[in-house]
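*Asks:* Quick one: structure below, then a few questions.
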Amino acid sequence: MKLYSNSLYIVSTPIGNLDDITIRAIEILKKSDIILCEDTRRSLTLLNHLKIKKKLIAYHKFNEKKQIAIAIEHIKKGKILSLVSDAGTPMLSDPGRLLVNHCLKNGIEITPIPGVSSITSAISVSGFSDQFLFYGFLPKTENELEKTLSLLSNNNFTQVFFIPALKINFYLKLIYTFITS
């Protein structure tokens with residue numbers, strides 16, 4: 001497989017089982033000069049499992065704006081960069097969108113490396129309709145959540161949301177109240 005320098009690869013990683021990674025993703029990670037990671041500790045666990053040693057750079061919502069210029073500079077110098085999230089496909093409610101937009105503006109090639117997605121995995125075993133809407137993370141405040149649920153209630157598709165595990169009771173209570181009123 002030929003990789004292109006001056007490129008950004010968006011690499012999907014396993015959600016739970018470290019062996020749930022594609023052969024293509026492993027090859028891309030092996031050939032990358034730098035891997036941008038949401039959490040370097042989690043990515044290091046995966047890379048150690050795969051016996052891959054690469055330079056890791058933290059790339060998350062708190063440093064994203066600062067890291068964009070550094071990432072673009074590395075790419076322009078001919079480096080192969082990969083972006084991974086903690087689990088699943090990057091940019092589905094994870095950092096990376098700003099970097100992709102800067103790459104597009106700078107004419108830098110971006111290649112998605114498909115793999116595990118919690119969204120499609122959940123839908124595949126749900127028994128729900130093929131048509132679904134993925135919303136991402138729901139708002140954190142009760143007022144904003146009520147506005148969002150009101151807007152989405154006009155939709156006839158199955159709806160998929162991300163909810164932080166620690167706040168599941170907060171969301172379930174408000175969703176239940178909304179659908180029973």
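Any read-out appearing in this document is the output of simple, stated calculations on the displayed coordinates, not a laboratory observation. Just so it is clear, the structure is predicted and the values come from calculations on it, not from any experiment. When we count neighbours, we look across all protein chains shown, and the Cβ atoms used for this are built from the backbone with ideal geometry, even at glycine.
*Asks:* What residues qualify as long-range amide H neighbours of Ile57, i.e. H under 5 Å apart, gap of 5 or more or another chain, H built at 1.01 Å from N?
*Replies:* Ile35, Leu36, Cys37
*Asks:* On to the next question. Could you give me the ³J(HN,Hα) list for segment 156-166, computed from phi with Karplus coefficients 6.51, -1.76, 1.60 and θ = phi - 60°, whole Hz, x at Gly and Pro?
*Replies:* 9, 7, 4, 10, 10, 10, 9, 9, x, 4, 5
*Asks:* Continuing with this model, one more query. Ordered by packing density, taken as the mean number of other Cβ atoms within 10 Å over each peptide's residues, highest first, how do 63-73, 87-97 rank?
*Replies:* Numbers: 63-73: 14.5, 87-97: 19.6.
Top to bottom by mean Cβ count within 10 Å: 87-97, 63-73.
*Asks:* In terms of Cα to Cα distance under 17 Å, which aspartates and glutamates are near enough to Lys54, apart from those fewer than 8 places away along the same chain?
*Replies:* Reachable aspartates and glutamates: Glu27, Asp33, Glu38, Asp39, Asp86.
*Asks:* Something else now. Per-residue HN-Hα couplings for segment 128-141, Karplus 6.51 cos²θ - 1.76 cosθ + 1.60 at θ = phi - 60°, whole Hz, x for Gly and Pro?
*Replies:* For segment 128-141, the Karplus-derived couplings read 7, 4, 5, 8, 8, 10, 9, 9, x, 6, 6, x, 8, 9 Hz, x marking Gly and Pro.
*Asks:* Scan around Ser7 for amide H atoms under 5 Å from its own, H built in the peptide plane at 1.01 Å from N, and keep only partners 5 or more places away or cross-chain.
*Replies:* Under 5 Å from the amide H of Ser7: Leu81.
*Asks:* Excluding Ile75 itself, calculate the net charge of residues whose Cβ lies under 13 Å from the Cβ of Ile75, where each Lys or Arg counts +1 and each Asp or Glu counts -1.
*Replies:* Working: positive: Lys76, Lys77, Lys79, Lys105; negative: Asp33, Glu73, Glu109.
It works out to a net charge of +1.
*Asks:* Moving on to the next point. Where the Cα atoms of the chain are projected onto their three principal axes, how long is each span, largest first, in whole Å?
*Replies:* Taking the Cα atoms of the chain, the three principal extents are 58, 32, 28 Å.
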